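A short worksheet on the structure shown next.
The values are calculated or read from the model by the stated rules, or taken from the named source; none is laboratory data. Just so you know, these numbers come straight off a predicted model, no measurement behind them. Cβ sites come from the backbone with ideal geometry, for glycine too, and all protein chains shown count toward neighbours. Accessible surface is based on the protein model in full, side chains and every heavy atom, while ligands, DNA and RNA are left aside. Shrake-Rupley method; radii C 1.70, N 1.55, O 1.52, S 1.80 Å.
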Amino acid sequence: MSLLELKNVSKIYGELKALDNVSLHVDQGEWVAIMGPSGSGKSTMMNIIGCMDKPTTGEVLLDGVDISKESSKHLTDIRRDKIGLIFQQFHMVNYLTAVENVMVSQYYHSMPDENEALEALGRVGLRERAKHLPSQLSGGEQQRVCVARALINHPELILADEPTGNLDEANENIVLDLFAQLHKEGTTLIVVTHDPEVAEAAQRTIVLEHGRIAREVINENFGK
Amino acid sequence: MTKRKMFLRMVTSSLLRRRSRMLIALLSIAIGATILAGLVTIYVDVPRQMGAQFRSYGANMLLLPGEEGELNREKLNEALAEIPGDSLVGAAPYRYVRLDMTTRQQSFTAAATDFTQIVKTSPYFSVEGAYPSETRQVLVGKEIAETIGVHNGSTMELTYQPTVVSDGKTPEESRVAGATLSGKAEGFSGGMVYVTAVLDDAAKIASLTVDASTQTPEYGGQIPEAEAYLNQFIGKSLPLAGGDVDTFTGATVTSDAVVAALNQATAISSPAQPRTLNFTVTGILTTGGEEEGYIFMSLEDMELMTGTDHLDVAELSVSASAEQLEEYTAAITEKTGVRARLVKRVARSEAAVLEKLTALVFLVTLVVLLLTLICVSTTMMAVVSERRREIGLRKALGASDGSIRAEFLGEGLFLGLLGGILGAILGFIFAQVVSVNVFGSSITFQPLLVPAAVLVSMIIAAASCLLPIKRAVAIDPAIVLKGE
Ligand SMILES: Nc1ncnc2c1ncn2[C@@H]1O[C@H](COP(=O)(O)OP(=O)(O)OP(=O)(O)O)[C@@H](O)[C@H]1O
Ligand SMILES: [Mg+2]
């Protein structure tokens, strides 16, 4: 079943075509990696899929809704309900503790629930660090809090822009294991990465070049 | 956990865990609230104090003796009849006379007045004890009380020493039955010789005293005690001719001077005997002015001592418009011959000054509010740009514009609450210090001030947040995906 469908999507900044007539189809529960050189339009695409930006032309269907035509207020609602975001810079609210940061996501979504938030932290192995402020956590730990925050509301789609870009090998593996678990639970994952190892963890890899899809690689070793 | 709890947790955490930045905003609100609360406290309290001080300069008209004729009680009543009874707040007559306190060999200025009127025309008189209510009682100025060491209940003896006044008659006119004559003439080596003679029923000399203290002690200086010499004059009529009396041996020049002085002598009004009365002190007067150097007594006592009911001045407190006051003074001066003068009251109109004060307080309040607004607004603006990424993140996580607004407004209101409470307390202290130092009286705490200060602070804080919030809402959530 299709969750996401991009139809001839272009994003044009003046002369520059950040995305140039891109069409893409992602099924429910799929795990897709997006690769490409710097400036190829990966983040632009994530912004559009993540309801934070609108394409210049083309259609984007998320769960059957054309989000390219929605008002920004509606886009906020859709993002809140359906999407979990993970960023390369592990953005946290720096005056709130780890568990509070997870609860912020609950707060905007529905109801803050400390126990559930602690459980999510437990899932990323940080239950003991729940009361720590971001400044007291390492980069890897902060990114794991961000993963917990992204999954707390059980989103249909998790968008991750270079989630392991600033992580060491060990933390990268922890995050990838978490992704694998989420995938098993049926969550759709779209992960932007420069790292071939991260891309290889996914079912297929889309390669962007100059705003176009240059090629698509199916990972035959997936799940092995 | 409810949404509200989480909201409060976020808002308070933002303020409490990011202390340094918010401290500036808190400080500006607290200072603003302090000044406001202080001003309002003073403003509420001052009219009370000012009112008293304004009325303290209650006398706005003076009545003085006219060109011809003096001012006395009768004249005063005539003059007062020109002012409608309901406009006349009070009229205090005054007579100032030097009285001696023989027991201390000092003299003081005594002011005779009507104590029932003083209360109306000089309400700022502060009396420790009581105003005299009967005759033979005095109110003593603080300065005098301190120098001579009297207190309530003390008694003091005051003496009126009449001065000798010439009646302005010629020597010939003066020589009538019963007259007292006084004269002087130049004696030996330019020294003056004084004589005083009292005439009998037949206008002949009944008694004679000579003051020859300027003359040579062994010769002319002996004359005042020379009974045989002086007795020659008794029974003689004036003027004396050349051979009427013998010269005093060895003092021809002085003898001639005595005769010349008698021949030139003119009548003096019969001097009243020095009059001494015993007074009881009923109160000590504090005014902060020259009145502290006077002894106040009743007009009756003064009349008894001096024998006249002359008045130096009357202070009137008249409640009337400027035009009416002009009318009254003109009428009094014209009809009674008493000189009426308007004096500028410190507050010609209390209302005018209070109005200006209100305007001033209002203006200062406005400026303070504006400055606070600008200061807090600037700080919040800085806070918003400092927290751009966080705001973007919140939006990316699904925060609606309304949530962002609510969070910042919440922080602002929380700041306003803290600042307001702090300001109300500090403001009261501030007002107290100002009041004690400027007005010399303390202020009563107005409990209503706390909620008022908090409310105003919260409104100001909220208003300060409007522009910063607008900025915050405009932040694009996409910035979090950019490597900023
Ligand atoms: N707001 C914008 N205005 C103008 N140009 C933009 C804007 N956002 C992105 N671009 C341009 O669009 C192109 C694609 O940018 P994008 O951020 O999608 O690249 P990317 O693939 O994510 O690169 P990287 O791997 O470095 O993150 C770039 O050339 C970038 O300069
Ligand atoms: Mg990028």
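Tabulated data for the structure shown
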item: Considering residues of segment A:86-107 that are within 18 Å of the chain's Cα centre (by Cα) and among the aromatic types (Phe, Trp, Tyr) only, the residue most open to solvent (accessible area, probe 1.4 Å); result: A:90
item: Condition check for residue A:36: within 16 Å of the chain's Cα centre (by Cα), at pLDDT 90 or above and within 16 Å of ligand 2 (Cβ to nearest atom); result: no
item: Test: residue in segment B:435-457 that is under 18 Å from residue B:468 (Cβ atoms), assigned by TED's automatic domain parsing to the domain that holds residue B:373 and open to solvent by less than 60 Å² (accessible area, probe 1.4 Å); result: yes
item: Elements of type helices (runs of 4 or more DSSP H) in segment B:381-484, at least 3 residues being more than 14 Å from chain A (Cβ to nearest Cβ); result: B:401-434, B:449-474
item: Hey, residue B:358 assigned to a helix (DSSP H, G or I), out of contact with any Pro (no Cβ under 7 Å at 6 or more places or on another chain) and surrounded by 16 or more Cβ atoms within 10 Å (Cβ to Cβ) or not; result: no
item: Yes/no for residue A:150 being farther than 19 Å from residue A:168 by Cα, within 13 Å of another protein chain (Cβ to nearest Cβ) and in a helix (DSSP H, G or I); result: yes
item: Residue check for residue A:53: under 20 Å from residue B:391 (Cα atoms) and either among the aromatic types (Phe, Trp, Tyr) or within 16 Å of ligand 2 (Cβ to nearest atom) (or both); result: yes
item: Some residue of segment A:40-48 being part of a loop (DSSP other than H, G, I, E, B), modelled with pLDDT of 90 or more and either more than 30 Å from residue A:141 (Cβ to Cβ) or more than 16 Å from ligand 2 (Cβ to nearest atom) (or both); result: yes
item: First in segment A:196-207 and part of a strand (DSSP E or B), second anywhere and open to solvent by 20 Å² or more (accessible area, probe 1.4 Å) and among the acidic types (Asp, Glu), Cβ under 6 Å, 6 or more apart; result: A:206/A:216
item: Residue ranges of strands (runs of 3 or more DSSP E) in segment B:218-298 with at least 2 members open to solvent by 40 Å² or more (accessible area, probe 1.4 Å); result: B:275-286
item: In segment A:64-85, residue farthest from the other protein chains (Cβ to nearest Cβ) [restricted to those that are surrounded by fewer than 17 Cβ atoms within 10 Å (Cβ to Cβ) and part of a loop (DSSP other than H, G, I, E, B)]; result: A:64
item: Test: residue in segment B:242-251 that is touching a residue at least 40 places away in the same chain (Cβ under 8 Å) and under 15 Å from residue B:187 (Cα atoms); result: yes
item: In segment B:180-191, residue least open to solvent (accessible area, probe 1.4 Å) [restricted to those that are within 15 Å of residue B:251 (Cβ to Cβ) and assigned to a strand (DSSP E or B)]; result: B:185
item: Test: residue A:89 is at the interface with chain B (Cβ under 9 Å from one of its Cβ atoms) and part of a loop (DSSP other than H, G, I, E, B); result: yes
item: Hits in segment A:1-50 (condition: in contact (Cβ under 8 Å) with a residue 24 or more places away in the chain, within 16 Å of ligand 1 (Cβ to nearest atom) and on the phi > 0 side of the Ramachandran plot); result: A:21, A:36, A:41
item: Tally of residues being modelled with pLDDT of 85 or more and not in a helix (DSSP H, G or I) across segment B:1-35; result: 0
item: Per-region count, segment B:100-126, residues open to solvent by 40 Å² or more (accessible area, probe 1.4 Å) and touching a residue at least 40 places away in the same chain (Cβ under 8 Å); result: 10
